[in-house]
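Asks: After the structure tokens below, expect a handful of questions from me.
The values are calculated or read from the model by the stated rules, or taken from the named source; none is laboratory data. If you're wondering where the values come from, they're calculated on a predicted model, not measured in any experiment. Neighbour counts are summed over all protein chains in view; Cβ atoms, including those assigned to glycine, are modelled from backbone coordinates with ideal geometry. In case anyone asks, the SASA skips ligands and DNA or RNA and just uses the protein heavy atoms, side chains included. Shrake-Rupley method; radii C 1.70, N 1.55, O 1.52, S 1.80 Å.
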Amino acid sequence: LLLPYFIFLLSLPFSSSSFCNHHDSSALLLFKNSLALNTSHHYYWFVDHYPWLHVYCSFSSKTESWKNGTDCCEWDGVTCDIISGHVIGLDLSCSNLQGQLHPNSTIFSLRHLQQLNLAYNDFSGSSLYSAIGDLVNLMHLNLSYSQISGDIPSTISHLSKLLSLDLGCLYLTIGDPNYARMRVDRYTWKKLIQNATNLRELYLDDVDMSSIGVSSLSLLTNLSSSLISLSLVSTELQGNLWSHILSLPNLQMLDLSFNKDLGGELPKSNWSTPLSNLALSHTAFSGNIPDSIGHLKSLNTLYLW
């Protein structure tokens, strides 16, 4: 007797779309209204002297599609959970956003976010506020080239699910009178590395790490099973780096360039990692290039100038 009813249910059209959670929709609209649009940018293509570091930014004002009374799951840059309707992804990179990011910004109330990308916008030297630590479900956070400055709050260590973190801001902002730079202290660094133990990609180019000693940097060994990409270009690191940082077993890309007071030597043995890109240019590394470099079977880019 139940079979016809069951067949009827199977014949109903299935939709994977979902209506946006009302709270999240309101939070996004308030975030949009707190900022202005600078539509003077159209595109940006940039390739520096490291071929794997490149940027293509096709600027578009994604938030223009955000209208009250429409489903935010259909808005540009927004990804929703198909069951709950909560916003789990927000990609507003290259979106012409301009203005202050406030400590009570509604973007920090999107507690279901797993991915947040605000790269290549102009937040006018705003700080990265402690409220970032409320987004405990974040797995991917990209705030690069977004004109955010000041101390990275210790609450960033609450993001224990992080797989990738990009706070870099290099090259494009040199000579810019509005240039903004972030800083990380030893305590915050330690808490972040101890808690975000699944980090696969870490980009902190031009973040001020002058207070981080090489002993604190050695905490990266806690990420030996996960870390694939590490870029700490022009971070004012100093001291002699322990060679085992260069021997992390899963590391494929390592860039420590433009840290003129950071020294060390290349590993002389047990250096058979999957490194494909290694850059130590403009550092105080010294000594012979050892035979062990021949064990890097995947190496295709090497900068030592």
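Asks: Can you compute the modelled spin-label distance between ASN137 and SER58, with each label point 7 Å from Cα toward Cβ, in nm?
Replies: The two pseudo-label positions are separated by 3.0 nm.
Asks: Which cysteines in the chain lack any other cysteine whose Cβ sits under 4.7 Å from their own Cβ?
Replies: So, CYS169.
Asks: Is the C-alpha gyration tensor of region 181-299 telling us rounded, prolate or oblate? Criteria: a/c under 1.5 is rounded; beyond that, a/b larger than b/c is prolate, otherwise oblate. Present the calculation step by step, with values, prior to reporting the outcome.
Replies: Numbers: a/c = 1.83, a/b = 1.29, b/c = 1.42.
In terms of gyration-tensor shape, oblate.
Asks: Nearest-5 percent of antiparallel DSSP beta bridges in region 153-305?
Replies: 0 percent
Asks: Which of LYS268/LYS297; LYS32/LYS67; LYS161/LYS190; LYS32/LYS161 have a Cα-Cα distance over 20 Å?
Replies: Among LYS268/LYS297; LYS32/LYS67; LYS161/LYS190; LYS32/LYS161, the Cα-Cα distance tops 20 Å for LYS32/LYS161.
Asks: Ok, one more. Determine the sum of side-chain charges near LEU97: Lys and Arg each +1, Asp and Glu each -1, restricted to other residues whose C-beta is under 10 angstrom from that of LEU97.
Replies: That sum, taken over residues with Cβ under 10 Å, equals +1.
Asks: Under 18 Å between alpha carbons, and skipping anything fewer than 8 positions from LYS191 in its own chain: which aspartates and glutamates qualify?
Replies: The qualifying aspartates and glutamates are ASP134, ASP151, ASP166, GLU201, ASP208.
Asks: Among DSSP beta bridges lying fully in the chain, give the percent that are antiparallel, nearest 5.
Replies: Percentage antiparallel, nearest 5: 20.
Asks: Taking Rg/Rh (Cα atoms, Kirkwood Rh) as the quantity of interest, determine which of (i) 0.99; (ii) 1.01; (iii) 1.05 was computed from the displayed structure.
Replies: The value matching this structure is (iii).
Asks: ALA284 to HIS244: FRET efficiency via 1/(1 + (r/R0)^6), r the Cβ-Cβ distance, R0 22 Å, to the nearest 0.05?
Replies: 0.75
Asks: Got a number for carbon plus sulfur as a percent of the chain's accessible area, 1.4 Å probe?
Replies: After summing per-atom areas, the C and S share lands at 53 percent.
Asks: So if we plug the beta-carbon distance of LEU37 and LEU302 into 1/(1 + (r/R0)^6) with R0 = 51 Å, what FRET efficiency do we get, rounded to 0.05?
Replies: Details: r = 43 Å, r/R0 = 0.84.
Working from the Cβ atoms, E equals 0.75.
Asks: Measure off 7 Å from each Cα along the Cα-to-Cβ vector at ASP291 and THR221, then give the distance between these two points in nanometres to one decimal.
Replies: 2.6 nm
Asks: Determine, for each peptide in 61-70, 85-94, the mean count of other beta carbons within 10 angstrom over its residues, then list the peptides with the highest first.
Replies: 85-94, 61-70
Asks: Related question: Can you give the local net charge around ILE293? Use residues other than it whose beta-carbon is closer than 12 angstrom to its beta-carbon, Lys and Arg +1, Asp and Glu -1. Walk me through the intermediate numbers first.
Replies: Numbers: positive: LYS268, LYS297; negative: GLU265, ASP291.
For residues surrounding ILE293, the net value is 0.
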